[in-house]
Amino acid sequence: MTKLLLVDDHLIVRRGLSSLLNDEEDLTVVAEAGSGEEAIAMAKEHKPDAIILDLRLRDMSGIEVAA
């Protein structure tokens, strides 16, 4: 099972992606974040296998979050 973290500042985008991805047998969304700071905290807490990350967040860029 691949654990995913979704990061986007638009709730409707996160919820839509989460719904689609959770329908897949081998994927599970373990956390969602709406900001860069929240994404960093969620990544530390949940230790996902992969992160789907918006590059344009309100508080910092996705590149900053990835670093």
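The values are calculated or read from the model by the stated rules, or taken from the named source; none is laboratory data. No experiment lies behind these values; they were computed from the predicted model shown. Don't worry about glycine lacking a Cβ; one is built from the backbone with ideal geometry, like all the others, and counts go over all protein chains shown. Side chains included, ligands, DNA and RNA excluded: accessible areas come from the protein's heavy atoms. Shrake-Rupley method; radii C 1.70, N 1.55, O 1.52, S 1.80 Å.
Values for this structure:
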| quantity | calculated |
| --- | --- |
| Residue that is nearest to Leu6 (Cα to Cα) [pool: residues in the range 17-51 that are open to solvent by less than 70 Å² (accessible area, probe 1.4 Å) and assigned to a strand (DSSP E or B)] | Glu32 |
| First in the range 6-24 and within 16 Å of Leu57 (Cα to Cα), second anywhere and open to solvent by 60 Å² or more (accessible area, probe 1.4 Å), Cβ under 6 Å, 6 or more apart | Leu6/Leu17; Leu6/Ile52; Asp9/Arg58 |
| Residues of the range 52-64 satisfying the condition of being part of a strand (DSSP E or B) and of a type outside the set (Lys, Arg) | Ile52, Leu53, Ser61 |
